[in-house]
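Where a number appears in this text, it was derived from the coordinates with a stated rule and is not lab data. Not measured: the values here are computed from a predicted model. Methodologically, a virtual Cβ is constructed for each residue, glycine included, from the backbone with ideal geometry; neighbour enumeration extends over all protein chains shown.
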Amino acid sequence: MQKFGIGQAVTRFEDDRLLSGEGRYVDDVNLDKQSFAIFVRSPHAHAKILSVDVSTAKTMPGVLGVYTVYDLKAEGIGDIPCAAPASNKDGSSCVIPPRPALAQDKARHVGDAIAVVVAETREQATDAAETVLIDYEVIPAVVETNKAMSDNAPQIWEDANRNECFNWEAGDAETTEKAFSKADHVVELDLVNNRVVPTSMETRGAIASLQEGGRLALHVSCQGVHVMRRLLATQIFNVDEDQILVTCDDVGGGFGMKIFLFPEYVAILFAAKKIGRPIKWISERSEAFLSDSHGRDHLSNLKLALDKNAKILGLKVKTIANLGSYLSNFAPFVATDAGVSMLVGCYDIPTAYVEVQGVFTNTTPVDAYRGAGRPEAIYAIERLLDTAAFDIGISPMEIRKQNFIPSEAMPFSTILGSNYDSGEFQKNLEDAVSHSNWEEFDTRKIAAKNRGKLLGIGLASYIERCAGGSPEEARLEITDTGHVTLYIGTQSNGQGHETAFRQILCENLGVAFNEVSIVQGNSDLVKTGGGTMGSRSVPVGGSAIGAASKRIIEKAKETAASLFESAISDVEFCDGEFRIVGTDRALDFRRVAKAAANGQEIAFDEKEAFAPGEATYPNGTHVCELEVDELTGEVDLVNYTVVDDFGKVINPLLLEGQVHGGIAQGLGQALLECCQYESGSGQLLSASFMDYTMPRADDFPPIRFDRNEVPCKTNPLGIKGAGEAGAIGAPPAIINAIVNALSDYNVRHVDMPISPNKMWDLMQSLRA
């Protein structure tokens, strides 16, 4: 097979397998004597659980077990942990309520799991689940973010006064107040960052089993097996980590949601231990809407202080973050440190003060969703800048150019704690504006007006924080034939890791794609791993692969020198061959591996870790041009341009695919995806694809994608990460374009999602 190295636009190696139906997802796996689990879920958003009668269910045909929280507690099963709590302003910890795998005493959101039924077949489990009798006392619920802390709001947790989980701050309040006192212009904006449902193509699912010796095994669709194993061992079952095996094969999308330890996995592991048989659970789509962690759901008040030249003097932000009814694993971190550190965006803002209140509501828990706080931050600053430009009467380009951090100022430490290593923000903007043909926009706008369309154009310059966190280790095993097996703790969710990792190995070792096997998703075979999140897989995992490759080459040089009968210092490795420097004497990698094996199967077995000292900071500019039908309010995107700086590029084709997917999710949030709870009852009104609108291919124009490659200075490969960028830049670019389209009506702001019915109502009011 042909060899492909770093920088080449190689089609995905894994697609031959996936497109021919040879993918292996959770529901494709079936174990001997496998049974099935169905969960009994609360139909109420807030209700006392007075009694749970499972007696009839236990007698139903095929039923192997029915369990409630009291069964779990009797066996000492721990609660789902919050792994990243936030601190209050006074330094105290946030409220961390208990989250057992099955609800205890109260149901706190529609879909809260009360009991689990295990039976020989899924149908038998379903039938039995319908006989579980639960006596509820329905009590008032609150689902709205802005009402959670009102005086008359029902109390969801006794320890959380007025439903407040935390009150957190960052920045310098006093200095920021002084900056505002000197301002020539103060711009204020209230905005909604709407709740979204991840809706991965493959719903969540898992198979729990009990191995010989009492060891528990979980096969699960996830974004990393090691985090899940650690939490299960240390927080749930109180055993050594080697007493739990977590495995994962192919994953049909995660977007952050499949990072977390969910209650269902704990419940079926417990049940498998009790009955001694494997148990499969696959979420129905209706369950997924109710029980998958949701994303976003922030209300923010933003204030920007500027001088007479539109230079930013200071920033104030107050945000209420809806956390749902329980704390998901990383929820407080997403609402605070993860996002707030990026609130200054690409701009030189000398002072800022940010307050975040986390609140409980009777809704599904909220956690990371494609970008985990950074989309929320960039949406805030980019909408605020456009609003400032509108209020002052200058162009969106002018206000940004006036405030961009210049490239010559890099590295740059922001007032909110980020350390940008590189970036050419103004060039990104200028290139995107040029490629979008902005200079002829006025002509196009007149032509659109003659067709009854309001043409709008908007931009957003984003920067995000990637590739941080825990170290990643890569282990390379080389056989006597030169075949390479990579063991790595990341987890592909469809991003093309199998291709990108092969390109790095091809570049470093000279091996062909078909000479590489990749092992991931097995906590036995891969001893450590940070998983896939925060666009870290290739920047962190790829750097570990590069380091391990260098170790292999250094070891192999010793063998090559012996074969050459030369000094090691005289041997070089280039294009897959070991050579004597300055001569034509050469040995290919396979021959050296054969000699190193010395009659054994394995020639080399080396591992190396990479620990990111600092995050990477991908950045870019999105430009969106769209039409709004003046009569109906229908929105059509007509042009979309992106210029991104992802540092050094491993595979441009994969990169463009990641950007397109992110833009699709950003468009969904901006225009279509409306996660709506009914006030009072707390029922999820958008609980199916009949009610929750997803973007389709025909919602998009051709997307022009260009790159401004500024190598990252904190990553050995020079790469910055790309998985979340599209979802960060798209919402503000689209909303800025809509506001621009409505400028003839003096519209200053619209909130997401500006769905078709909302646009219809808005246009009717504007034309009244």
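Using only alpha-carbon positions in segment 321-402, the gyration tensor eigenvalues give semi-axes of 30, 12, 11 Å once each is multiplied by 5 and square-rooted (largest first).
Can you give the log10 of the normalised intensity I(q)/I(0) at q = 0.16, 0.18, 0.26 Å⁻¹, computed with Debye over equal Cα scatterers of segment 77-159? The computed values of log10 I(q)/I(0) come out as -0.88, -1.02, -1.36. Computed from label points 7 Å out along Cα-Cβ, the spacing between Ser55 and Ser286 is 2.8 nm.
Going 7 Å from the Cα of Leu631 toward and past its Cβ, which residues in segment 447-484 have a backbone nitrogen under 15 Å from where you end up? Answer for this model: 449-454. For segment 1-147, the ratio of Cα radius of gyration to the globular rule of thumb 2.2 N^0.38 Å stands at 1.53. For Leu133 and Ser679, the FRET efficiency from 1/(1 + (r/R0)^6), where r spans their Cβ atoms and R0 equals 25 Å, is about 0.30. Restricted to Cα atoms, segment 188-287 shows a radius of gyration and a Dmax of 15.7, 63 angstrom. At 222 nm, what helix-only mean residue ellipticity would the chain give, in deg cm²/dmol to the nearest 500, using -39500 (n - 2.57) for each DSSP H run of four or more? That comes out to -8000 deg cm²/dmol.
Note on segment 452-521: the C-alpha convex hull projects to 8.7 nm² when averaged across all orientations.
In this simple spin-label approximation, Lys758 and Glu440 carry label points 7 Å from Cα along the Cα→Cβ vector, and these lie 3.4 nm apart.
Straight-line reach from Lys182: taking Cα to Cα under 26 Å and skipping same-chain neighbours fewer than 8 places apart, the lysines in range are Lys303, Lys308, Lys311, Lys316, Lys318, Lys401. Full extension of the chain between Gln235 and Asn514 gives 96.3 nm of extra length, using 0.36 nm per residue less the Cα-Cα distance. Considering only beta bridges that DSSP places wholly inside segment 172-301, some 80 percent are antiparallel. Can you list the DSSP H helices in the chain whose Cα atoms extend at least 20 Å along the helix axis and whose mean Kyte-Doolittle hydropathy is -1.0 or higher? Helices passing the filter in the chain: 374-392, 542-564, 652-667, 725-741. For Ala47, the residues whose modelled amide H falls within less than 5 Å of its own, excluding neighbours fewer than 5 places apart on the same chain, are Ala107, Ile139.
Share of Cα-Cα pairs in segment 362-462 beyond 18 Å, in percent? Result for the distance tail: 63 percent.
Remark: segment 4-12, residue by residue, has Karplus-estimated 3J(HN,Hα) of 10, x, 5, x, 8, 7, 8, 5, 5 Hz, where x stands for each Gly or Pro and the curve is 6.51 cos²θ - 1.76 cosθ + 1.60 at θ = phi - 60°.
Distance between the modelled labels on Asp27 and Lys308, one decimal in nanometres: 6.6 nm (7 Å Cα→Cβ projection). Diagonalising the gyration tensor over the Cα atoms of segment 600-702 and scaling each eigenvalue by 5 before taking the square root yields semi-axes of 39, 23, 14 Å, largest first.
For the chain, a Kirkwood hydrodynamic radius built from all Cα pairs, placed in the Stokes-Einstein relation at 20 °C and 1.002 mPa s, yields a translational diffusion coefficient of 78 µm²/s.
Rg and Dmax of segment 215-263, both derived from C-alpha coordinates alone, stand at 10.6, 31 Å.
Can you tell me what share of the DSSP beta bridges in the chain is antiparallel? A percent to the nearest 5 is fine. Intermediate results must be reported in sequence, preceding the final value.
Details: 103 of 127 bridges.
That works out to approximately 80 percent antiparallel.
5 Å is the cut-off here: which amide hydrogens, built 1.01 Å from N in the peptide plane, fall below it relative to Asp112, excluding neighbours closer than 5 in sequence? Sorted by chain and number, the residues that satisfy this are Ser42. Taking max minus min of the alpha-carbon positions on each principal axis, segment 671-768 gives extents of 55, 38, 27 Å, largest first. Roughly what percent of Cα-Cα pairs across segment 644-720 reach past 17 Å? In whole percent, the share of Cα-Cα pairs in segment 644-720 beyond 17 Å is 61. Each other residue within a Cβ distance under 9 Å of Gln357 adds +1 if Lys or Arg and -1 if Asp or Glu, for a net charge of -1. If you plug the beta carbon distance of Asp699 and Glu430 into 1/(1 + (r/R0)^6) with R0 = 25 Å, you get a FRET efficiency near 0.35.
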